[in-house]
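One structure below.
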Amino acid sequence: MARLHNFSAGPAAIPLEVLEASAAGLSDYRGTGIGVPEMSHRSKAFIAIMDEAVAGVRDLLKVPADYEVLFLQGGATLQFAMLAMNLLKNRGDYVITGVWAEKAYSEAGAIGAVEAVASSKDARYSFIPKNFTQKDGSDYLHITSNNTVEGTQFRNYPRPPQGVPLVVDASSDILSRPLDFTGVGLVYAGAQKNLGPSGVVLVILRKDLLERNPRKLPEILRYSAHAKAGSMLNTPPTFSVYMVKLVLDWIRKEGGVAEMEARARRKAGLIYNLIDEGGLYRGTAAREDRSLMNITFTLPSEELTEKFLKESEKQGMEGLKGYRTVGGVRASIYNAVPLASVEALAQLMGDFSRKHG
Ligand SMILES: *Cc1c(COP(=O)(O)O)cnc(C)c1O
C-alpha cells in the first residue's frame, strides 16, 4: 500500500526512514536481542539514546551551555501549568495569538496572576501583535511561536524588558528554523508535530531559572528535580525518546535547521503563491505573519470546501480539514512532509480552482 500525503496537524508526518528504523529497534535494537520499549531505562543502551537525543537538540539548535535540555511527559499542555508553577511568583504576561496561547494563559491563571499584554482575538487571531508594553513586576513573557490552528507565526521573537525571560511554546515549529536564544528563558515543544511521536515534550530551560522555587512543589512538577535526574526522575517514555533521537539524526543528515527552513519556505511558497493568485482560495493569516508550518485558507462556500476535501482524500491526501472550531482548510507542512506532497496539493488546488473558479 502506498503512503498517503500526510498534512495532519498533529500527531503528524514522520520521515519514512525514521519509521522504518524505529520498527527495526522495536524488536532488536542494534543486535542486542531486545527491543527499545522492553529495555531498562537504566541500561547503558537506553542512557546512550537519551544522551544522544539531548546532544542532538543541543547541536541542531546551538543551545547555549547555560541551558538544560529535558525530555518530559504530559505534553505541551502540562507545560502550560508547570512553567507557571516553577516561574510565576508575581505575574506572568501572555501574548494571546490563538487557541493554544489562550490555553497556556488560562492554565497559568489557575496557578497565579496572569495578564494578557496583547491579543489578536478580535481579529480572529489573523495576525501577530507586535507593539505592546509590559508593566513592571513580570516574571516572564509567554508567546506561542507558531499558531498551529490559525496559521500565524512570529517571524522574530519579541524582546521583553531586561531581566524578564521570554517563555516560548514552540510545539509546532521547533527545529524548522534556527532559534535565537537571546532573552529566552524557556522553550517547550510537544514532540508530535515536528519532533516525532506524542508522549514526550522537549523543554529547554536557562539554568538560573531552576533555582527560582516560588512555591513548594512535588518533585515530578519541578524542573530542578528533572534536571538533576537527567530526565530520568521516573521512567521516561523510552520509545518516544528513541524516535525523537532518530528524527534528530534525520534532520542532521538532511542538512540541519537552516536546510529545514529553506525547505519550509519553498514548500509554503508553493501554496501561498496559489492563494495570492486571487482565485478560489483566501488566506486567513495576515501576509507578514503567515506560518511556514500550518497554512490556513478558505473556499467561497461550505459546499466547495467539502468538495475540495473529498477530492483531496481521493488523491491520497490526509488531514487537510481545518481545526474543528475554525473550519476551512489547513495544510500542515512540517519538516517531515516531503516537497512532493506539497506539490501534489498545489496541483490539486490549481486544478480544482480552474474547474470551480
Ligand atoms: C499541539 C499544541 C499544543 C498541545 O500539545 P499537547 O502535547 O497535546 O499538550 C500546545 N501548543 C501548541 C502550539 C500546539 O501546536
Within a Gaussian network of the chain (alpha carbon springs, distance under 10 Å), most fluctuating of Ala101, Ala123, Ala81: Ala123
Glu219-Asp122 pseudo-label distance in nm [points 7 Å out on the Cα-to-Cβ vector]: 5.0
Distance from segment 278-326 to segment 238-265 (C-alpha centre basis), Å: 27
Residue exposure sequence - Arg177, Arg215 - by fewest surrounding Cβ within 10 Å: Arg215, Arg177
Kirkwood estimate for the chain, i.e. one over the average of 1/r between Cα atoms, Å: 21.1
Charge context of Ala118, other residues only, Cβ under 12 angstrom, K/R +1, D/E -1: -1
Under 30 Å from Lys121, Cα to Cα: lysines that are on another chain or at least 8 residues apart: Lys89, Lys103, Lys130, Lys135, Lys193, Lys267, Lys307, Lys321
Charge tally in the Cβ shell below 10 Å around Leu339, where Lys, Arg are +1 and Asp, Glu are -1, Leu339 excluded: +2
Backbone HN-Hα couplings from phi across segment 298-314 [Karplus 6.51/-1.76/1.60, Hz, Gly and Pro as x]: 10, 10, x, 8, 4, 4, 5, 4, 4, 4, 4, 5, 4, 4, 5, 5, 4
Spacing of the two label points (7 Å from each Cα toward its C-beta) at Glu288 and Ile47, in nm: 5.2
Among Ala110, Ala53, Ala336: highest mean-square fluctuation, GNM of the chain, C-alpha pairs under 10 Å: Ala110
Amide H partners (placed H, <5 Å) of Arg91, local residues excluded: Asp139
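Please find the FRET efficiency linking Lys130 to Asp351, where r is the Cβ-Cβ separation and R0 is fixed at 41 Å, and quote it to the nearest 0.05.
0.65
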Potential lengthening between Lys314 and Arg266 on full extension [0.36 nm per residue; Cα-Cα distance subtracted]: 14.8 nm
Note, ³J(HN,Hα) from phi for segment 319-331, Karplus 6.51, -1.76, 1.60, rounded to Hz, x at Gly and Pro: x, 8, 5, x, 3, 3, 8, 10, x, x, 10, 9, 9
Estimated [θ] at 222 nm from DSSP helical runs (n ≥ 4, -39500 (n - 2.57)) normalised by residues in the chain, nearest 500: -11500 deg cm²/dmol
The chain: antiparallel DSSP beta bridges as a percent of all, rounded to 5: 55
Listed residues Ala48, Ala191, Ala227, most fluctuating in the chain (Gaussian network, C-alpha, under 10 Å): Ala48
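By counting other Cβ atoms within 10 Å of each Cβ, how are Asp122, Asp51 ranked from fewest to most?
If I rank by nearby Cβ atoms, fewest first, I get Asp122, Asp51.
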In segment 268-357, trypsin sites (Lys or Arg not before Pro) in a DSSP loop with at most 10 other beta-carbon atoms within 10 Å: Arg324
9 Å beta-carbon shell around Ser291, net charge (K/R +1, D/E -1): -2
Vicinal HN-Hα couplings computed from phi for segment 53-67 (Karplus, 6.51 cos²θ - 1.76 cosθ + 1.60; Hz; Gly/Pro x): 5, 4, 5, x, 5, 4, 5, 5, 9, 6, 6, x, 4, 8, 10
Residue order, fewest to most surrounding Cβ atoms within 10 angstrom, among Asp28, Asp93: Asp28, Asp93
For the chain, with +1 on Lys and Arg beta carbons and -1 on Asp and Glu, the positive-most of Gln162, Gly269, Gly75 along the dipole: Gln162
Residues whose placed amide H lies under 5 Å from that of Tyr67, excluding near-sequence neighbours: Lys207
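Rule-based calculations on the coordinates, nothing more; no lab input. Worth saying up front: this structure is predicted, and the values here are computed from it rather than measured. Here Cβ is always computed from backbone atoms with ideal geometry, including for glycine, and neighbour counts include all displayed protein chains.
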